[in-house]
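Asker: I have a structure here, written as structure tokens, and I will follow up with some questions on it.
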């Protein structure tokens, strides 16, 4: 029998998806209950599904423009794309830091701070210093974060979380899971909320 935590919706996200950032800024307000925030490794999701994201093909410019327009329409700061985004700047460091933050009850605060660094600040998260800056914004100790992102237990937990999401049918981020249903995309949050009501 599932407990209250398992019954809550789950918000799956990664730190290199601008749609994850756009959804993260509003998911807690759109859904009738605050979801469980679960970071996953988008690179592993792409490898498992064999998908090529829009950011790596001919849809890139159009997709970037759409994300910029959505951010402005929602009153968010103008998007600033990190140098080399996404291929050259991709890293598992922020996912691991978010796993550590989750253990301390700060996953939402860290994740928002980190995504804002990436998409409002144009910072690369393959630089541990930038991960530490995001962590400091939610009062995570820099040395503890740096130790955690290299620890075997955090790496294993990040891998297990991604594998579990894939086993549930995850094919992209952001995705909200409501029961056994998956709602993929920033523009699917309202549909997920409706499914919960």
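Asker: Listed residues 154, 108; which is touching a helix residue (DSSP H, G or I) at 6+ places or on another chain (Cβ under 6 Å) and at pLDDT 95 or above?
Answerer: 154
Asker: So which of 132, 95, 173 is touching a helix residue (DSSP H, G or I) at 6+ places or on another chain (Cβ under 6 Å) and in a loop (DSSP other than H, G, I, E, B)?
Answerer: Sole residue among the options that is touching a helix residue (DSSP H, G or I) at 6+ places or on another chain (Cβ under 6 Å) and in a loop (DSSP other than H, G, I, E, B): 173.
Asker: If you scan the stretch 176-197, which residues turn out to be part of a helix (DSSP H, G or I) and either surrounded by 19 or more Cβ atoms within 10 Å (Cβ to Cβ) or in contact with a helix residue (DSSP H, G or I) (Cβ under 9 Å, 6 or more places away or on another chain) (or both)?
Answerer: Once the filter is applied, which keeps residues that are part of a helix (DSSP H, G or I) and either surrounded by 19 or more Cβ atoms within 10 Å (Cβ to Cβ) or in contact with a helix residue (DSSP H, G or I) (Cβ under 9 Å, 6 or more places away or on another chain) (or both), the stretch 176-197 yields 186, 187, 188, 189, 190, 192, 193.
Asker: With respect to the numbered conditions (1) part of a loop (DSSP other than H, G, I, E, B); (2) more than 11 Å from residue 16 (Cα to Cα), which one is the sole condition not fulfilled by residue 125?
Answerer: (2)
Asker: Moving to a separate point now. Is it fair to say residue 86 is assigned to a loop (DSSP other than H, G, I, E, B), touching a residue at least 24 places away in the same chain (Cβ under 8 Å) and surrounded by 20 or more Cβ atoms within 10 Å (Cβ to Cβ)?
Answerer: Considered against the rule, which asks whether it is assigned to a loop (DSSP other than H, G, I, E, B), touching a residue at least 24 places away in the same chain (Cβ under 8 Å) and surrounded by 20 or more Cβ atoms within 10 Å (Cβ to Cβ), residue 86 comes out as yes.
Asker: Any residue at all in the stretch 144-160 that's surrounded by fewer than 18 Cβ atoms within 10 Å (Cβ to Cβ), touching a residue at least 12 places away in the same chain (Cβ under 8 Å), assigned to a helix (DSSP H, G or I) and under 15 Å from the mean Cα position of the chain (by Cα)?
Answerer: Checking the stretch 144-160: at least one residue is surrounded by fewer than 18 Cβ atoms within 10 Å (Cβ to Cβ), touching a residue at least 12 places away in the same chain (Cβ under 8 Å), assigned to a helix (DSSP H, G or I) and under 15 Å from the mean Cα position of the chain (by Cα).
The values are calculated or read from the model by the stated rules, or taken from the named source; none is laboratory data. Please read these numbers as outputs of a predicted model, since none were measured by experiment. Don't worry about glycine lacking a Cβ; one is built from the backbone with ideal geometry, like all the others, and counts go over all protein chains shown.
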